[in-house]
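Please read through the structure below; I'll follow up with questions.
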Amino acid sequence: MELELFRQDLIQTSTCSAGTLAVTSLVLGKGKSQRDKIFVAAGNQIKGVNKKGKEFFRFNTQLTETIRRVDIFEKNIWSAGEYVHNHFIEGKDKALYLCPDRINAAEVVPLAGPTELWPVLACQDRYVRLLRGSEVCYEAPTPAAPVSLQYVVESHDPQHRFPDAKEVLYGTDTGSLVQLLMEPNSARQGFVLPNPKKLGAVSAVYSGIDFTKTGLNNIVIGREDGSIEVLDLEEGGQLRTVFSTKLTESINALDGGFLTGLLAQEFVLHTFSGKVISFAPPGGGLLVSNPEPGRGGLGGALGGQRKSHAVALPGAEEEERRASYLKQIDRLRADISVLKQEIEAERSRFAQRGGDTALLAMSAPFTVQDKCKLEADEACYVLSIESAVPIFTVAIQSNAQLQMLDVPSNVAILSRSPPDETNGNLTLATYRCQDSTNRLAVKFKVREGRAASLSAFVLPAISPKACVCVRHTIRPLCLHQRIQQMDTSRPTNELLITGSFASGDVHAWVTGLLPDLPPTLPPGQDGASYVFQNTLLGTQLLCRYRGGEARFVSDLVSTLGIIHEHIMREATNSKLRVNVSFNPSAQSLQHSVALVWPQLERQRALKKTYMMLEGLQELKMQDGDVSYLTEEYRTVLDRADKIRQEYKEQPQHLDHLVALIKDLYLDFCKLSGVSTPKQRLPALEQLLHDTSSSLEQLMEFLLGQR
């Protein structure tokens, strides 16, 4: 019963020793004498606990950041915070690395030998970095921001093409999984698991068990939306899903081993609310009978993949363990029943004394986890809210006009309220949950142009009622996302700003404009260079700046107009004098309009079809047989439901595109120093709404030839 006592003691000790600080990392030691010892990081302290539950080690790192990841190998300690990675030997500083962007995950990999471990960092700026001491050996670019990282001891390389390479798997915030084969001087990308179903980000990866008995360990991934997948690598190098399921809360961590039995290994996961759940293959686990192949559970799924005719029966020791676990469950159920009775008794006494429920609500807050992420494929944002208790309703408030979109997976009814412009509330909406759920997704579109804020008020479905408010900032260029390189073949405009400002000043201006940037400049640098892409139109933006000079290059002049307005306002507030020069390009204006034109034509055609549909349906009601109509009109009648569904949000789409071209015209004239009479704007708007107008006519108008 050593495993049972070890698990119980560990939970009690970690709860007591962590005190008021949350445990942010928990790992086993990697040294030969440390593999049965647990190391816990809380705040800036690292503590060691043996299998009897006694604390044998404590180290105060004196770091200012909270430790997010810790690794221990003999006398070596590696700790990763939000931006700083440290290496300690016998409690003394050995190396320090200040990352240019946020560290999302960290691992140590034996690249130079079994006893020489090198740190690997997954960073928000879309790089996986290999460190040797305080120096970066190399940076491997990633297709999206990596948020999870896992070193795989037994590489998924059955042909041994790269015998000296070490395998690292990383998951991205867009939901893809990528294999990276690392060597001391280089790295190459292996297989890639795309995310066509648009599932959540890969928050945890594990590969240590061969469930399917193919000779290679399966890969288990857990996602932020609660999805779990067990993957198998086929002979052709393609990944195949052999088991999948979905929980109601996000997955925080994954691991595996002999957990509840000695017959088969299982993988275990930890969820947002603190649940620890294990999944066992056929014959694994003590608390459930062996499932039939093809039926529910990991056992059924994997049992159908391999031909297993019989499973060894548990011996006397296994039966004894099973009986012990069942007794524990019965004891826990009895304890829960007693606690429920005590809660009801206390609730009755509280009501009889006339207690103040408001004070009770304040003393019992609940935890909410939220994330606002740009969906590049749809050029919209998704605010994900996850609560430790069921959600009753979520109220949305913003000082920007948001276009709220439907989310099919939501079990909530959306109610929109008219805007309150007097108080600056341009968006007011409420999501009321119909079924018990701990997760809610809020999807919306927003126009670029000015900074705004978004507040979500989360009310739980428990009594007494309380509220947790989460806030997010919407930046002026919120639809831009980071990319690695700029396409130099495009016609571009250039905005140059010079003055007596420092590099920190201009970096603060840029971070106020664009999302996904570090709060400070990279260490030891006087400036920086970033490339962004507009997810709605596909235009690009280059930002290159240093102390006294900032250069912005884009093929969309409206982007430069927003940058100009924002920086001039910030410089005026800081009482800094700046000089502005603009190099326009008529070819760039034509290029930008050509990108918007197909979308504008599609939205205009949809409006025309919808207006036509009303008359056609009236004809159908009167005549019944409409076979005399042309094929085009009959097709419109057949697609009536789909056309109505698309048109529900069409006026906002069309108005957005019209306003985009108007802003493009105004910004081009303003930055070029051309006087634009206001009486031309109504004519431009009429031209944009006219379904018979062409791109050539629009360009003639914008260039002043009409």
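Taken together, the values in this text are just the output of simple stated rules run on the coordinates, not laboratory data. Note that the coordinates shown come from a computational prediction; the quantities given were computed from them, not determined experimentally. So basically every Cβ, Gly included, is an ideal-geometry build from the backbone, and we count neighbours across all protein chains shown.
How much net charge surrounds residue 369 when only other residues with a Cβ under 11 Å from its Cβ are counted (Lys, Arg +1; Asp, Glu -1)?
With Lys, Arg at +1 and Asp, Glu at -1, the neighbours total -2.
Given the Cα-Cα distance of residue 692 and residue 319 and 0.36 nm per residue of separation, how much length would full extension add, in nm?
Net length gain for the segment: 126.2 nm.
Continuing with the same structure: Peptides 90-103, 235-248, 437-450: what's the order by average Cβ count within 10 Å, highest mean first?
Most protected by this proxy first, the peptides run 437-450, 90-103, 235-248.
Shifting gears a bit: Between residue 411 and residue 253, what length in nm is gained on full extension when 0.36 nm per residue of separation is reduced by their alpha carbon distance?
Extra length from residue 411 to residue 253 when fully extended: 54.2 nm.
Hey, another quick one. Exposure proxy check: 612, 486 ranked by fewest other beta carbons within 10 Å?
Lowest to highest Cβ neighbour count: 612, 486.
Give me 85, 507, 656, 160 sorted ascending by neighbouring Cβ count inside 10 Å, so fewest comes first.
160, 656, 85, 507
Assuming R0 = 22 Å, what is the FRET efficiency of residue 575 and residue 472, from their Cβ-Cβ distance, to the nearest 0.05?
Efficiency, from the Cβ-Cβ distance: 0.15.
Sticking with this one: Given labels modelled 7 Å from the Cα in the Cβ direction, how far is it in nm from residue 74 to residue 115?
Between residue 74 and residue 115, the label points sit 0.4 nm apart.
In nanometres, what is the gap between the two model label sites at residue 630 and residue 608, each 7 Å from Cα along Cα-to-Cβ?
The two pseudo-label positions are separated by 1.1 nm.
Using 32 Å as the Cα-Cα cut-off, could you pick out the over-long pairs in 575/670; 275/327; 75/198?
75/198, as the Cα separations exceed 32 Å there.
Quickly estimate the mean residue ellipticity at 222 nm for the chain, helices only: each DSSP H run with n ≥ 4 gives -39500 (n - 2.57), and the total goes over all residues, rounded to 500.
Value at 222 nm, helices only, nearest 500: -9000 deg cm²/dmol.
Now for a different question. Got a sec? How would 555, 655, 164, 125 order by Cβ neighbour count within 10 Å, fewest to most?
Least to most surrounded, the residues fall as 164, 655, 125, 555.
Shifting gears a bit: Using the alpha-carbon centroid of each, what span in Å lies between segment 221-240 and segment 34-111?
What the calculation gives is 30 Å, centre to centre.
Turning to a different aspect of this structure: Which links in 246/443; 373/678; 371/465; 32/371 stretch past 28 Å when you go from one Cα to the other?
With Cα atoms farther than 28 Å apart: 373/678; 32/371.
If you take Rg and Dmax of the Cα atoms in Å from the coordinates, which of (i) 29.8, 93; (ii) 26.1, 83; (iii) 47.9, 150 do you get?
Recomputing Rg and Dmax of the Cα atoms in Å here gives the entry labelled (i).
Over what distance in Å are the Cα centres of segment 144-169 and segment 601-640 separated?
57
Still on this model: When a/c reaches 1.5 or more, the comparison of a/b and b/c decides; with that in mind, is segment 417-499 rounded, prolate or oblate per its Cα gyration tensor?
Prolate, since a/c reaches 1.5 and a/b exceeds b/c.
Same structure, new question: Classify segment 631-692: rounded, prolate or oblate, from the alpha-carbon gyration tensor (a ≥ b ≥ c, eigenvalue square roots; a/c under 1.5 rounded; otherwise prolate if a/b is larger than b/c)?
Judged from the Cα gyration tensor, segment 631-692 comes out prolate (a/c at least 1.5, a/b above b/c).
Okay, next question. Any idea what the dipole of segment 429-561 comes to, in debye rounded to 20, about its Cα centre with Lys/Arg Cβ at +1 and Asp/Glu Cβ at -1?
It works out to roughly 580 debye.
Starting with the highest mean, order 495-501, 333-339 by the number of other Cβ atoms within 10 Å, averaged over the residues of each peptide.
Highest-to-lowest ranking by the protection proxy: 495-501, 333-339.
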